[in-house]
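Below you'll find the structure, written out as structure tokens, and then a few comments.
The values are calculated or read from the model by the stated rules, or taken from the named source; none is laboratory data. Worth saying up front: this structure is predicted, and the values here are computed from it rather than measured. FYI the Cβ positions are ideal-geometry reconstructions off the backbone, even for glycines, and counts take in every protein chain you see. What goes into the accessible areas is simple: the full protein's heavy atoms, side chains included, and nothing from ligands, DNA or RNA. Shrake-Rupley method; radii C 1.70, N 1.55, O 1.52, S 1.80 Å.
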Amino acid sequence: GRNGGGPAGRGRLRVRLHLATDPAALLGAGVAALTARSAALNAIDIGEPSLEDVFIELTGREPR
């Protein structure tokens with residue numbers, strides 16, 4: 001692209017959600033919100049949080 005980012009990276013956003021309840025119950029609403037904003041959903045991964053996820057949640061920063 002013109003601004004240094006390639007076309008594949010333009011407009012991409014990675015979102016990580018940490019849910020206390022069943023993620024499948026909330027997935028439909030999340031997809032509907034993205035679709036309403038003309039966003040394309042590329043992938044969904046559902047899993048348990050890692051130690052890195054917990055560290056970032058508690059400290060607000062990436063580990064060194």
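Could you grab the pairs with beta carbons closer than 8 Å, sequence gap of 6+ or different chains, first residue in the range 40-64 and assigned to a loop (DSSP other than H, G, I, E, B), second one modelled with pLDDT under 80 and open to solvent by less than 80 Å² (accessible area, probe 1.4 Å)?
Hits for this filter: Ile46/Pro23; Ile46/Ala24.
Filter the range 25-64 down to residues that are more than 25 Å from Gly11 (Cβ to Cβ), open to solvent by less than 100 Å² (accessible area, probe 1.4 Å) and at pLDDT 85 or above, then give me how many there are.
Going through the range 25-64 one residue at a time, the tally reaches 3.
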